[in-house]
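Engineer: Attaching a single structure in C-alpha cells format; questions to follow.
The values are calculated or read from the model by the stated rules, or taken from the named source; none is laboratory data. Everything numeric in this text was worked out from a predicted model, so none of it was measured. Cβ sites come from the backbone with ideal geometry, for glycine too, and all protein chains shown count toward neighbours. Just so you know, the surface numbers come from the protein's heavy atoms only, side chains and all, with ligands and any DNA or RNA stripped out. Shrake-Rupley method; radii C 1.70, N 1.55, O 1.52, S 1.80 Å.
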Amino acid sequence: MTIVVVGVGADGWAGLTDPARAELTSCDVLFGSSRQLALIPLETPKKTWPSPLLPALGDLLAGHPGRRLGVLASGDPLLSGIGTTLVKRFDDVRIVPAVSSVTLARARLGWSAEETEVVSVVGRNVHRVARFLAPLARLLVLSSDASSPAAIAELLTAQGFGDSALTVFEQLGSAAERRVEGIARTWSAQVDPLNLVAISCAGGPGLPLLGLPDDVFEHDGQLTKRDLRALALARLEPLPGQLLWDVGAGAGSVAIEWSRAHPSNRAIAIERDAERAACIGRNAETLGVPDLQVVTGAVPDALDRLPAPNAVFLGGGLSSWRRCFDALAPGGRLVAHAVTLESEQVLAQAYRECGGELTRVAVEHAAPLGGFTGWTPARTVTQWSVRK
Ligand SMILES: C[S@@+](CC[C@H](N)C(=O)[O-])C[C@H]1O[C@@H](n2cnc3c(N)ncnc32)[C@H](O)[C@@H]1O
C-alpha cells in the first residue's frame, strides 16, 4: 500500500500543479473531507473521513492492501496536518505539498519566514500564544474556528499587548478571500471559521524565556525563587523536545520555565497538594505553556506509568531520588534542592552513591535595615546535580 498525501489549496483543482494532478489521477481511492473531495473532478472512488478521524485511520487505510491511496490535505500536509500523522504511522508515504496558508499570509504581509513565529491553536488551548508575546514580534496563529480571533485578542489584552495590530485572513487563496484588520483591545469582528490570525505585537514588556520574576507566579510561598531556579535550570540543561519531571512542583515554576525554553519541550509537574496542583495549571496557562501536564499525587506512586524523563527536578519528595534517577534516560540530568538537615543528608548519601556535584547556595538580598541597607539572607539551599 502506497499513500500519497496531496496538498490542495482553497482554489482546489485549478490551483494544483500538473505533477500534483498526475499523482491524484494515478490513485485507486481518494480520502479527504467532503469539502476537499468535492474540489477534485475525478471519477476515482472517494471516501469521506469519519469523525473523529484518528481512531479510525489505521483500519480505514489498511482496508486497501496493495492499492495506491490518495489523501487530500490542505496546503502543506506537514504543517499542522494529516501528513504528520501518516508519516509517523506508515512506511510508504509520499508528500506532495501545495502552498500553505502560512506562506500565503506571509506573502500578503511581506513578512519573511525568518522573522515570523508560527503557532497553532487548532484544537488546542489559546494560551499557547502567550509564550510568543514580545515587543515587535510577528506571529501567525492557525485558528481553530470563528471564535479564535476574539479569544486571541482577549488574551493579548490581558497580557499587556492590547495595542497589537491583528489581521485576520479568511479563506486564503480562494475567490472568497477576505482580510479583516483591527486592534486587539477593541476587537469585535465576526469572521469566517477558516481563518488565520497575524499579530504585530505592540505593548509589553512581555516575559523573558528564562529567569521569570517570582511575582509572575501565583503561589503560596512554595516557589523555587528566581536565583535558585536559574541555577537549577542551568544544570537541568533544557534541550528541544525533551521531557522534564518536576517532582514536588509547588507553583510549577521549574516545569514552566523548562517548557518556555523551547516550544517542543514537554514537562510533567507532580504535586500532592490538590490546591497547589490547580495553581500550577493556572500558572502554566498564564505563562503560555498550557500543555504542561499536572499529576496530582504523592511520590513514588504518582510516578507510575509516566513516560521516561530526560531531566528531573526534585524540589520535594527527595526520598524518591533513586526512583527518579533510575527512570532517567541515558544522558539524563537530575537536580535536587534541600533546605533541611534531614533532606541534606539524603542528598549527601545520593552524592556518595552516584557522584555528580554537591553545592551549597546562599543568596542574600539587600533590603532596608533601620535607616540603612543590610543583607537579608534566604535559606541556604543544598543542591545535588548529576548526569546519568
Ligand atoms: C490543521 S491547520 C492546516 C494548515 C494547512 N496544512 C496549511 O498548510 O495551510 C488548519 C488551519 O490552517 C489555517 N488555514 C488553512 N487553510 C486556510 C485558508 N485557506 N485560509 C485561511 N486559513 C487557513 C486555519 O487557521 C485553519 O484552522
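Engineer: Dipole size in debye (nearest 20) for the chain around its Cα centre, Lys and Arg Cβ +1, Asp and Glu Cβ -1?
Structural biologist: The dipole of the chain has a size of about 520 debye.
Engineer: For the chain, what is the Kirkwood hydrodynamic radius in Å, using each pair of distinct C-alpha atoms? It would help to have the intermediate numbers written out before the result.
Structural biologist: Numbers: mean 1/r = 0.0420 Å⁻¹.
Computed over the chain, the radius equals 23.8 Å.
Engineer: I would also like to ask the following. Could you run the Karplus curve 6.51 cos²θ - 1.76 cosθ + 1.60 with θ = phi - 60° over region 141-147 and give me ³J(HN,Hα) per residue in whole Hz, x for Gly and Pro?
Structural biologist: Karplus values, whole Hz, x for Gly and Pro: 10, 6, 7, 7, 6, 5, 7.
Engineer: Show me the ranking of peptides 33-43, 141-151 by mean Cβ neighbours inside 10 Å, starting with the highest. Display every interim value, and only then the final one.
Structural biologist: Details: 33-43: 14.0, 141-151: 19.9.
The packing order, highest mean first, is 141-151, 33-43.
Engineer: Now a separate question. Rounded to the nearest 500 deg cm²/dmol, what is the calculated helix-only ellipticity per residue at 222 nm for the chain, with -39500 (n - 2.57) per DSSP H run of length n ≥ 4?
Structural biologist: -7500 deg cm²/dmol
Engineer: Would you compute the Debye intensity of region 66-202 from its alpha-carbon atoms alone, equal scatterers and no solvent, and pass along log10 I(q)/I(0) at q = 0.09, 0.14, 0.16 Å⁻¹ to two decimals?
Structural biologist: So the normalised log intensities work out to -0.29, -0.65, -0.81.
Engineer: Oh, and also: Which Cα, out of Phe313, Leu228, Val121, lies furthest along the positive dipole direction of the chain (beta carbon charges, K/R +1, D/E -1)?
Structural biologist: Working it through, the farthest residue towards the positive pole turns out to be Phe313.
Engineer: Between the helical axis of 274-286 and the dominant principal axis of the chain, each derived from Cα atoms, what acute angle in degrees is found, rounded to the nearest 10?
Structural biologist: Approximately 50 degrees, to the nearest ten.
Engineer: By its C-alpha gyration tensor, with a ≥ b ≥ c as the square roots of the eigenvalues, how is region 98-164 shaped: rounded for a/c under 1.5, else prolate for a/b larger than b/c, else oblate? Working shown, then result.
Structural biologist: Values: a/c = 2.00, a/b = 1.28, b/c = 1.57.
The shape class here is oblate.
Engineer: Under a 1.4 Å probe, what is the accessible area of region 245-388 per residue, stated in Å²? Can you show the working numbers first?
Structural biologist: Numbers: 6830 Å² over 144 residues.
Result: 47 Å² per residue.
Engineer: Continuing with the same structure: For region 68-114, how big is the tail of P(r) above 13 Å, as a whole percent of Cα pairs?
Structural biologist: Numbers: 631 of 1081 pairs.
So the portion of pairs separated by more than 13 Å is 58 percent.
Engineer: So what's region 194-275 giving for Cα Rg divided by 2.2 N^0.38 Å, two decimals? Mind showing how you got there, number by number?
Structural biologist: On the way: Rg = 14.5 Å, N = 82, 2.2 N^0.38 = 11.7 Å.
Output field value: 1.24.
Engineer: Can you list the aspartates and glutamates whose alpha carbon is less than 20 Å from that of Lys46, not counting same-chain residues fewer than 8 positions off?
Structural biologist: Asp11, Glu23, Asp28, Asp59
Engineer: Which value, in Å² rounded to 10, gives the accessible area of Ser74 with a 1.4 Å probe and all protein chains present?
Structural biologist: 70 Å²
Engineer: If you average the C-alpha positions of region 137-163 and of region 245-268 separately, how far apart do those two centres end up, in angstrom?
Structural biologist: Rounded to whole Å, the Cα centres lie 24 Å apart.
Engineer: Write down Rg/Rh for region 236-388, rounded to two decimals, with Rg from the C-alpha atoms and Rh from the Kirkwood relation over Cα pairs. If you can, show how the numbers build up before the last one.
Structural biologist: Values: Rg = 16.4 Å, Rh = 16.2 Å.
Taking Rg over the Kirkwood Rh, I get 1.01.
Engineer: Same structure again: Mind putting a number on the dipole of region 2-150 about its Cα centre? Charges go on the C-beta only, +1 for Lys and Arg and -1 for Asp and Glu, and I need it in Debye to the nearest 20. Mind dumping the intermediate values first?
Structural biologist: Values: 15 positive and 13 negative charges, 60 e Å.
Here the size comes out at about 280 debye.
Engineer: May I ask you to list the lysines whose Cα is less than 29 Å away from that of Lys388, ignoring any residue fewer than eight positions away on the same chain?
Structural biologist: Here the lysines satisfying the reach criterion relative to Lys388 are Lys225.
Engineer: Now for a different question. Work the Kirkwood hydrodynamic radius out for region 1-100: mean of 1/r over every pair of different alpha-carbon atoms, inverted, in Å. Write out the running numbers ahead of the final one.
Structural biologist: Values: mean 1/r = 0.0754 Å⁻¹.
Mean inverse Cα-Cα distance, inverted, gives 13.3 Å.
Engineer: Share of antiparallel DSSP beta bridges in the chain, in percent to the nearest 5?
Structural biologist: Values: 34 of 72 bridges.
Rounded to the nearest five, the antiparallel share is 45 percent.
Engineer: For region 174-313, just say rounded, prolate or oblate: build the C-alpha gyration tensor, square-root its eigenvalues into a ≥ b ≥ c, call rounded for a/c under 1.5, and beyond that prolate if a/b exceeds b/c, oblate if not.
Structural biologist: Numbers: a/c = 2.16, a/b = 1.90, b/c = 1.14.
Since a/c reaches 1.5 and a/b is larger than b/c, the shape of region 174-313 is classed as prolate.
Engineer: Still on this structure, please answer the following. Give me the Å³ per residue figure for the convex hull around the C-alpha atoms of region 143-246. Don't jump to the answer; show the numbers that get you there.
Structural biologist: Working: hull volume 15.7 nm³, N = 104.
About 151 Å³ per residue, rounded to a whole number.
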